[in-house]
Each structure stands twice: as C-alpha cells, then as structure tokens.
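Quick one: structure below, then a few questions.
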Amino acid sequence: MKNYNVISQGIYKKQGSILVDQDFKSKLYIEAEKHPRNRSRILIHEDTESIPQEMVIAFTEESIVEVSTHLFPESFTMLQGVAKYIFYKENGDLLGDIILSPYSNFGTFYCF
C-alpha cells in the first residue's frame, strides 16, 4: 500500500489521518487475501506502549483469529460484515460474547 510503512506482511503503519473509504477497504482486503492468515491491518496507535492499541483490520471468510490475552485494552469498530467477539475469564471459562455489525445495520458497531 502506498504511503504506508510496512511493519511486516499485511501489517502497515500510517502517520496522520486515514480516510476509510471504499478504496481504502478494498486495498486492505486485497492485502488480506495475500496473508497466510487472511488478514491485513493498519496500525493507528503510535507504538507498542500505546494504550489502547488501535488499528483498522480486514478479515476474510478464511481468516484465522486465535484466542489471545492482552494486558492492555483494545477496541473494535465494525465497518463491514458481521463478527462475534468472545470474552473469556483468565481461567478459560466463558465470560460473554457480543455480535458486532456496522452502525448502518443498527447493530452494535463498537466494543472496548
């Protein structure tokens, strides 16, 4: 992607503002198709010490998203598609889940 620093395959960093239009989303999905885990993202946070870690991520239907634990907060804003975000307790028990969908669907589009 032009005007973005490549961190690693499918991971980019952009300084300044980002316009999330159809062209931007299309480029992210093209890059996601090339990635072994079928995802691509633009880092918005300044560095690894920033809280929260914020990014724009594109997943495909074939994306692999592992269960992970973070010591920092993160947020999700759904722009397109539908996803289920599942929360677990530290011992592995289910805490709860949320279905995310775009604001235009009158769904829950944001989760922190």
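Exactly one condition in (1) surrounded by fewer than 10 Cβ atoms within 10 Å (Cβ to Cβ); (2) modelled with pLDDT under 85 is false for GLU46; which is it?
Going through the list (1) surrounded by fewer than 10 Cβ atoms within 10 Å (Cβ to Cβ); (2) modelled with pLDDT under 85, GLU46 breaks only (1).
Can you tell me how many residues within region 86-111 are over 16 Å from GLU74 (Cβ atoms) and among the hydrophobic types (A, V, I, L, M, F, W, C)?
Looking only at that region, the number is 3.
Among residues belonging to region 19-38 that are open to solvent by less than 40 Å² (accessible area, probe 1.4 Å) and not in a helix (DSSP H, G or I), point out the one that is nearest to SER8 (Cα to Cα).
Within region 19-38, the match that is nearest to SER8 (Cα to Cα) is HIS35.
Of everything in region 53-105, what is free of Cβ contacts under 8 Å to residues at least 24 places away in the same chain, in a loop (DSSP other than H, G, I, E, B), exposed (fewer than 14 other Cβ atoms within 10 Å of the Cβ) and not hydrophobic (A, V, I, L, M, F, W, C)? Give them in sequence order.
Of everything in region 53-105, those that are free of Cβ contacts under 8 Å to residues at least 24 places away in the same chain, in a loop (DSSP other than H, G, I, E, B), exposed (fewer than 14 other Cβ atoms within 10 Å of the Cβ) and not hydrophobic (A, V, I, L, M, F, W, C) turn out to be GLU61, GLU66, SER68, THR69, HIS70, GLY81, LYS89, GLU90, ASN91, GLY92, ASP93.
The values are calculated or read from the model by the stated rules, or taken from the named source; none is laboratory data. From a predicted model like this one, the values you see are computed outputs, not experimental measurements. Virtual Cβ from ideal backbone geometry, glycine too; neighbours counted across all protein chains shown. For the accessible areas, the whole protein counts, side chains as well, though only heavy atoms, and no ligand, DNA or RNA atoms are used. Shrake-Rupley method; radii C 1.70, N 1.55, O 1.52, S 1.80 Å.
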